[in-house]
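None of the figures in this text is laboratory data; all of them are computed from the coordinates on show. It should be emphasised that the depicted structure is a prediction, and the values quoted were computed from it without experimental measurement. Cβ placement follows ideal geometry from the backbone for every residue including glycine, while neighbour counts extend to all protein chains displayed.
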Amino acid sequence: MAGRDRSPRLLARFAIASFAVLLCCVLTAAASAATLPPEGIFEGCHFDTQMPTCVQRLQVIHQGGFQIVVVGAGDASPSSLASYATTAQSLGMSVMWEIGNPSWWRDPPTSTTMSGSYPGFAALCGCNQNGPLLAFLIHWLSQLPGTYGYYAADDTALAPGDEAGVANYVSQIKQQDPSHLVMIGSADQAQTSSYVGIADAIGTEIYPFTTSPLMPVSANQDQWGGIAQWASGAQQAADGAGKQSAFILQAFSWGDNLSDGETIGACTASDTPMSCYGKLPYPSGAEQLQLRNEVLLHAHPAVILWWSFPGTDGDVTGDTYSIYPSGSDAATRWSGLSAAVQAPYPGTNLTRPASHGLGAHLARAVRISRHRHAVRAKHRHRRRHRRRKLH
C-alpha cells in the first residue's frame with residue numbers, strides 16, 4: 001500500500017522536475033536570442049601623423065558604447081596600425097580592417113597594382129605582387145590582438161561579373177585567417193543574392209532618413225514596416241546561404257555634401273553646400289534607436305555597424321568634400337547615437353501591420369544609396385591618393 005501511494009508522488013515530482021528543466025531551457029534560449037550583438041562605427045583618422053588625436057577619438061567611441069571601430073588598413077604604416085589596434089584592445093575594443101580595393105579581385109596575383117596602396121606592407125614583406133602581398137597583409141593583421149575581422153568589399157567596389165573574383169579573394173583571406181569575420185557590404189537585394197554565399201556575413205545597408213522625420217512611429221507605419229521587411233529579408237537570405245547577417249545603419253546626413261542633396265531632390269545647383277546641409281537633417285536619437293530595434297527584432301545579426309563617426313562627431317582629416325558637424329551639433333548627434341547603441345534589447349514587439357513593399361520613401365532611399373556610396377568611394381580614393389603624395 002505504501003509503495004502504491006509513493007508512485008503517483010514520484011511521477012508528479014518527475015513531471016515537475018522535467019517541466020522545470022524545460023522552462024529553464026526555454027528561458028535560456030530566450031535570453032540567448034535577446035543578446036545584443038557587438039556594434040561598431042566607421043572612423044577616419046591619420047594614424048601616422050595624428051595618433052594622439054586618433055586615440056582620443058577612439059576613447060570617445062569606446063565611451064559611447066561601441067565595441068568595434070572600422071578603419072582602413074592601407075591608410076597608415078604597419079607600426080601605426082599595430083599601435084592603434086593595441087590601444088583598442090586595451091580598451092576592450094576590436095578593429096575591423098577595411099581592405100576592399102577592387103584590384104585585389106580583378107587583377108591577377110602577379111600584378112603589382114596594390115603595392116602602391118600598401119607601401120608599408122610591401123616593404124615589410126619584401127614583395128610587390130598582389131597575391132603574396134594580400135597573403136602577408138592578412139596574416140600580419142590576423143596576429144594583432146585587437147583584430148575583429150575584415151570589411152573585405154564595399155558595395156560600390158562591386159561590379160557585374162565580379163562574383164568569381166571576389167569568391168577567390170575571400171577564399172585567400174580565409175586561407176590566411178580562418179578565425180576572424182570576413183564581411184561584404186550590400187546596398188540592395190540583387191547584391192545580397194550575388195554575394196551572400198561568399199563571405200561570412202553580408203552587411204545590409206539601411207539608410208532610410210532623408211528629407212522627412214520618421215517619428216512618431218504611429219504616423220509612419222508604412223516606412224517602419226518596410227524597414228522591418230528589409231531586415232527580415234536580409235536575415236532570410238543569410239539563413240538560406242548558411243551565413244550570418246550584419247547591418248550598416250545610418251549615422252550621417254544626406255545633406256553633408258551638395259551632390260547627395262541634389263540626388264535626394266532637396267537641393268539644386270543654386271544651393272551652396274551650407275544651404276543644402278541645412279535642408280537635410282541628421283537622424284534623431286529616437287529614430288536611430290527605432291532603426292536599431294527594428295533590425296534586432298526582425299533579424300539576428302552577428303554585428304551592427306554605423307556609418308560614420310566623422311559624420312556624427314566631426315572630421316579631423318581635413319576633408320573639404322563634405323560638411324561635418326561641430327560644437328553643440330556634434331554633441332547632440334553623438335549623444336543620441338550613443339544612447340541608441342547603449343539601450344537594452346527591445347522588450348516589446350515592434351511589428352506593425354504588413355506593409356505592401358518598401359513604400360515610396362524607402363524605395364527611393366534604396367535607389368539613391370548606390371549613388372551616394374559611389375560618390376563617397378571615389379572621394380575616399382582621391383583622399384588616399386593625395387595622402388600618399390603628401391607623405
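Projecting the Cα atoms of Val166, Gln129, Gln236 onto the charge dipole of region 103-236 (Cβ charges, centred on the Cα centre) puts Gln129 farthest toward the positive pole.
Please get the size of the charge dipole for region 128-224, origin at its Cα centre, with Cβ charges of +1 on Lys and Arg and -1 on Asp and Glu, quoted in debye to the nearest 20.
Values: 1 positive and 9 negative charges, 55 e Å.
The dipole magnitude comes to about 260 debye.
Amide H contacts of Trp306: Gly40, Ile41, Phe42, Leu249, each under 5 Å away and 5 or more positions distant or on a separate chain (H built 1.01 Å from N in the peptide plane; Pro and chain starts excluded).
Charge dipole of region 213-341 (Cα centre as origin; +1 on each Lys and Arg Cβ, -1 on each Asp and Glu Cβ, all else neutral): 320 debye, rounded to the nearest 20.
Taking amide H positions as modeled 1.01 Å from N, with prolines and chain starts lacking one, no residue 5 or more places away or on another chain lies under 5 Å from Asp256. Each residue of region 312-327 was assigned a 3J(HN,Hα) from its phi angle through the Karplus curve 6.51 cos²θ - 1.76 cosθ + 1.60 (θ = phi - 60°); the sequence is 9, 10, x, 9, 10, 8, x, 5, 10, 6, 10, 9, 10, x, 8, x Hz, with glycine and proline shown as x. Computed from backbone phi with θ = phi - 60° and the Karplus coefficients 6.51, -1.76 and 1.60, the 3J(HN,Hα) list for region 222-234 is 5, 5, 6, x, x, 5, 4, 5, 4, 5, 5, x, 5 Hz; x is used for glycine and proline.
Protection proxy ranking of 194-202, 251-259, by the mean of other Cβ atoms within 10 Å over each peptide's residues and highest first, is 251-259, 194-202.
Each of Ala302, Pro325, Gly336 was scored by the projection of its Cα onto the charge dipole of region 242-357, and the greatest displacement toward the positive side belongs to Ala302; charges sit on the C-beta of Lys, Arg, Asp and Glu.
Amide H to amide H distances under 5 Å link Gly203 with Ile184, Gly185, Ser186, where only residues 5 or more positions off or on other chains count and H is placed in the peptide plane.
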